[in-house]
């Protein structure tokens, strides 16, 4: 029973604990050989030029360290191989699970959108069949609710892409120029005052962040005429700023605007932007003065940005 208990106890030990026991065991063997059988004296006959207890001690210690290092290296290599095997299996299982979930979400989105199209179609027919002005408000509310559901379904499609592709170094001035060409700006002017060659480590979807900031500024800026992008270097972190000259954001709404569903449109753009930036530890806050324009500050940790051109 004692033997079985000891074997079970040793089996439950971690690799590091087993390594420690083996090294202690080897140390005892080395000590017994060196003191009882004069094992190392036999070796010293061939390599020692003169009697020296210091040389004996040095050789004993060296051989012990070689044994210990060999055992530790062997055990560590086995442990690393097992860890790599487990990680590979876990990544494979996670990849398969993600594929199945993405397929399920894709089919579900498709079916929901088809049903929404049916709802919108029958609603339009019903509206034409029952031309009652008293019901116009009800028809409008139903239509708006359907549009918001459709927008939320689109949000899930965009959200599932976050983190799928590995983060990489993104050229921010170039991305802002690209977003400027794609965003519905109308007469609003975008000033890209970022220094050339500035890159941040972020999710490839970060382009959507700058697009959403421009789109929101145009939608809700009121008297807005200009959107400006520039940076402030705090010494540790880098702050990328998007500032406009519109009506700004009320103080009581500064935190709410990043919540999902808040806003006059779908209320999903800023929530999505925050999640995209958070992949690599970038935060976003609104610090503008109400009535004088919105100001979004994206704080990039020091290790997540770099300048590729000479400054």
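The values are calculated or read from the model by the stated rules, or taken from the named source; none is laboratory data. Here the structure is a predicted model, which is why all the values come from computation and not from measurement. With ideal geometry, Cβ positions are generated from the backbone for all residues, glycine too; neighbour counts draw on all protein chains shown.
For region 230-252, state whether one or more residues are out of contact with any helix residue (DSSP H, G or I) (no Cβ under 6 Å at 6 or more places or on another chain), assigned to a helix (DSSP H, G or I) and crowded, with 17+ Cβ neighbours inside 10 Å.
no
Determine whether region 151-169 contains at least one residue that is modelled with pLDDT of 90 or more, surrounded by 17 or more Cβ atoms within 10 Å (Cβ to Cβ) and closer than 21 Å to residue 301 by Cα.
no
Can you spot a residue in region 260-269 that is under 19 Å from the mean Cα position of the chain (by Cα), part of a helix (DSSP H, G or I) and under 22 Å from residue 179 (Cα atoms)?
Looking for residues that are under 19 Å from the mean Cα position of the chain (by Cα), part of a helix (DSSP H, G or I) and under 22 Å from residue 179 (Cα atoms), one finds at least one in region 260-269, hence yes.
Could you please find all residues in region 204-226 being over 26 Å from the mean Cα position of the chain (by Cα) and either part of a helix (DSSP H, G or I) or at pLDDT 90 or above (or both)?
217, 218, 219, 220, 224, 225, 226, listed by residue number.
What is the one condition in (1) over 26 Å from residue 259 (Cβ atoms); (2) in the same structural domain as residue 269 (by TED's automatic domain parsing); (3) assigned to a helix (DSSP H, G or I) that residue 201 does not satisfy?
(3)
Condition check: more than 21 Å from the chain's Cα centre (by Cα) and at negative phi. Does residue 191 satisfy that?
yes
Just to be sure, is residue 78 touching a helix residue (DSSP H, G or I) at 6+ places or on another chain (Cβ under 7 Å) and either surrounded by fewer than 12 Cβ atoms within 10 Å (Cβ to Cβ) or at pLDDT below 80 (or both)?
no
Sort out which residues of region 288-311 are surrounded by fewer than 13 Cβ atoms within 10 Å (Cβ to Cβ) and within 22 Å of residue 254 (Cβ to Cβ), and write them in order of number.
289, 291
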